[in-house]
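Okay, so here's the structure we're looking at.
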Amino acid sequence: MYEAIIIGGGPAGLAATMYCARKGMDVQMITGQLGGKASLSLNLPDMSEYHVLKAREQVQVFRGQVEYLSHLWRHGHVSQIEEDADGFSVTVTAPSGTGRRAGDDATTHSDGEILRAERLIIATGTTPRLLGVPGEREFMGKGLGSSAISYSHLLRERRVAVIGDSDRAIEAAVECAMQADQVTLVLEPHAEYSHGHLQLVERQDTIEVLNGYRAVRFDGDGFARRMDICRGDADCAEDRPHRQIEADAFFIEREPVANSGMVEHLVHRTTRGAIQIDATNVTSNPRIFAAGDVTTVGVEQILVALGEGARAALSAYRQLTLQQL
Ligand SMILES: Cc1cc2nc3c(=O)[nH]c(=O)nc-3n(C[C@H](O)[C@H](O)[C@H](O)COP(=O)(O)OP(=O)(O)OC[C@H]3O[C@@H](n4cnc5c(N)ncnc54)[C@H](O)[C@@H]3O)c2cc1C
């Protein structure tokens, strides 16, 4: 039985793991991908690396330590969690090529391996909802991104296009308009937004709102330069979109999916799946902690996720220590 299992190895999970290890806790981190979304970035034409707080170096410090202390973690996907009086049973499906560790405190199960823990720290982040149109993957990171709040300060005197299906896109457009010369906000068909939010952008001279359009392709040279859009759900010929938007930066600002399904029966979540936490990163279940983008903190920044991970670990440690007094 581990003292804690940390699920997710992005900035929040890496920091949580190292803070638990530093306190001498017997822990195991399980993650699909080491580093999480910290490896994603956006480059814009004529942009200096020094203007961006990518926080890669800070993540690398924790990642390097976790990689070196290989007994602390494993690659795997957590598909199911059950709670009982002593703690939790965590079902882990190992990706092909990785096996069970020697001396593991784990039992096998037809659906995967089962690990046991007294406490859980959920740091599984979110999954972006992409558009699935030609050019999107090719230009992702090159003039096309999905975290406007990370880059809005770089948009001075640039033209920007934001596309999305909720208030998140409207808020991103407002933020970009604080710096950019001109912002085109494309609200997709079936978008759900508050009318108060829409009125806010409609009052701004620098924001053009195109309501009920969808992207059909991105095009450019080394960077995304154009987004073709069509009106409504109607087809429009590939070479004759209803409109072509030219910009220096494009942001896909759809609400991402919180990777919290495995604890839906154990903790309170918002309607969007974000795990509700208090100021010490405890969820509605006192033995489950959460940190980073998967929670209601809602900031989506690497340094915040690192800090949240550290705090979740210290809260779990404190709880376990007090229990032993
Ligand atoms: C395009 C883009 C650019 C960005 N640029 C910046 C930037 O410049 N600066 C900045 O501060 N922030 C930036 N961000 C935001 C930043 O990346 C996130 O806020 C941060 O990575 C969140 O960390 P996290 O640990 O909460 O989640 P994540 O980084 O999403 O990590 C979650 C981890 O959990 C794992 N996981 C998920 N489900 C399971 C499961 N069931 N079982 C096991 N493992 C699981 C995943 O494999 C992943 O490793 C950017 C985001 C995007 C999308």
Loop-resident trypsin sites (Lys or Arg not before Pro) in the range 177-239 with no more than 11 other Cβ atoms inside 10 Å, DSSP not H/G/I/E/B, are R203
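Ratio of Rg to Rh for the chain, alpha carbon only, Kirkwood? Intermediate results must be reported in sequence, preceding the final value.
Numbers: Rg = 21.7 Å, Rh = 21.1 Å.
With Rg and the Kirkwood Rh in hand, the quotient comes to 1.03.
Could you work out how much longer the chain between C236 and V257 gets when fully extended? Use 0.36 nm per residue separation minus the Cα distance between them, nm to one decimal.
Working: separation 21, 0.36 × 21 = 7.56 nm, distance 2.91 nm.
Gain in length upon complete extension: 4.6 nm.
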The set of cysteines in the chain having no other cysteine's C-beta under 4.7 Å reads C20, C176
Mean-square fluctuation maximum in Gaussian network of the chain, Cα pairs under 10 Å, restricted to Y213, Y68, Y151, hits Y68
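Quickly estimate the mean residue ellipticity at 222 nm for the chain, helices only: each DSSP H run with n ≥ 4 gives -39500 (n - 2.57), and the total goes over all residues, rounded to 500. Intermediate values should be presented prior to the final figure.
Details: 7 runs with 75 residues, N = 325.
Theoretical 222 nm ellipticity from helices: -7000 deg cm²/dmol.
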Heads up, the range 136-252 by the C-alpha gyration tensor (a ≥ b ≥ c square roots of eigenvalues; a/c under 1.5 rounded, else a/b over b/c prolate, else oblate) looks oblate
Rounded to the nearest 5, the percent of antiparallel DSSP beta bridges in the chain equals 45 percent
Length gained, V299-D181, 0.36 nm per residue minus C-alpha separation, equals 40.0 nm
Here the range 241-254 yields Karplus 3J(HN,Hα) values (6.51, -1.76, 1.60; θ = phi - 60°; whole Hz; Gly and Pro given as x) of x, 5, 7, 10, 10, 9, 7, 8, 8, 10, 10, 8, 10, 7
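Rule-based calculations on the coordinates, nothing more; no lab input. Just so it is clear, the model here is predicted, and its values are computed rather than measured. Methodologically, a virtual Cβ is constructed for each residue, glycine included, from the backbone with ideal geometry; neighbour enumeration extends over all protein chains shown.
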